1. Just to verify a result, which residue in the range 213-222, among those that are in a helix (DSSP H, G or I) and farther than 19 Å from residue 282 by Cα, is modelled with the lowest pLDDT?
2. Can you pull out every residue in the range 46-73 that is touching a residue at least 24 places away in the same chain (Cβ under 8 Å) and within 26 Å of residue 285 (Cα to Cα)?
3. Report whether or not residue 225 is at pLDDT 95 or above and under 18 Å from residue 156 (Cα atoms).
4. Return the only residue of 237, 263 being more than 19 Å from residue 153 (Cβ to Cβ) and either assigned by TED's automatic domain parsing to the domain that holds residue 30 or not in a helix (DSSP H, G or I) (or both).
5. For the range 107-143, which positions are part of a loop (DSSP other than H, G, I, E, B), surrounded by fewer than 12 Cβ atoms within 10 Å (Cβ to Cβ) and out of contact with any helix residue (DSSP H, G or I) (no Cβ under 6 Å at 6 or more places or on another chain)?
């Protein structure tokens with residue numbers, strides 16, 4: 001069992017680049033990725049989505065940071081012909097007017113068209129491969145944490161599931177006692193009435209009608225089956241959250257039906273406690289993958 005909550009981070013240095021991928025996951029019905037990529041890195045989005053697909057469920061915040069650790073982001077080219085023309089023009093003016101020729105190299109480079117700065121194109125193929133690798137490692141760290149959190153989640157669910165099983169047994173053992181107590185009360189009540197002795201067959205029929213009206217054998221059987229299946233899912237490593245959520249809904253349905261049929265105070269209290277344990281499990285299962 002895995003929790004949907006987790007965190008993973010990985011950094012990789014390859015060539016001129018340092019890439020960091022950071023993942024934060026919380027519970028969500030489906031796999032929902034929210035990405036924050038640097039400028040010009042949207043081409044990595046599809047690679048990230050494919051790499052993180054095995055996570056199955058959860059809202060995952062993805063932050064990718066790319067930092068150059070060597071080289072330059074830009075290239076500078078010089079138009080030497082144009083620079084020479086500017087210099088020739090300055091010399092001509094100096095000769096014609098006698099004005100000082102103060103055209104320095106730094107000022108020459110600032111003149112329109114002499115220098116051109118162009119941004120280097122990213123090596124998308126290399127960065128995609130780096131992204132795939134670092135994202136997979138970050139996902140592994142996230143999964144490791146999910147497994148650890150899932151172990152705690154399983155322990156908590158086991159406690160509530162065991163409590164639910166005990167309550168089910170208490171309800172099952174109390175049910176026939178309730179019928180017998182009803183028979184005794186009815187017999188005593190009729191004995192106090194100034195009428196002819198009651199036909200035992202008629203008394204048995206009345207008790208049978210009451211027992212049939214309050215029968216919960218089928219509900220208890222289904223509840224036992226659901227509890228057993230929950231135990232199976234607790235030990236499965238794959239995606240079980242949705243299946244357990246369905247079982248919890250069914251367990252709650254059976255508990256409600258049992259509660260509507262019972263008129264005994266002790267059984268009613270056990271049903272209330274059973275529904276409380278089921279609700280605690282429902283809350284925990286919302287965070288299971």
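The values are calculated or read from the model by the stated rules, or taken from the named source; none is laboratory data. From a predicted model like this one, the values you see are computed outputs, not experimental measurements. Here the Cβ positions follow ideal geometry from the backbone for every residue, glycine too, while neighbour counts run over all protein chains shown.
1. Here the answer is 213.
2. 51, 52, 54, 55, 56, 57, 58, 59, 60, 61, 62
3. So residue 225 fails the test.
4. 263
5. Narrowing the range 107-143 to residues part of a loop (DSSP other than H, G, I, E, B): 111-114, 120-123.
Next, only the ones that are surrounded by fewer than 12 Cβ atoms within 10 Å (Cβ to Cβ) stay: 112-113, 121.
112, 121 - these are the residues of the range 107-143 that are part of a loop (DSSP other than H, G, I, E, B), surrounded by fewer than 12 Cβ atoms within 10 Å (Cβ to Cβ) and out of contact with any helix residue (DSSP H, G or I) (no Cβ under 6 Å at 6 or more places or on another chain).
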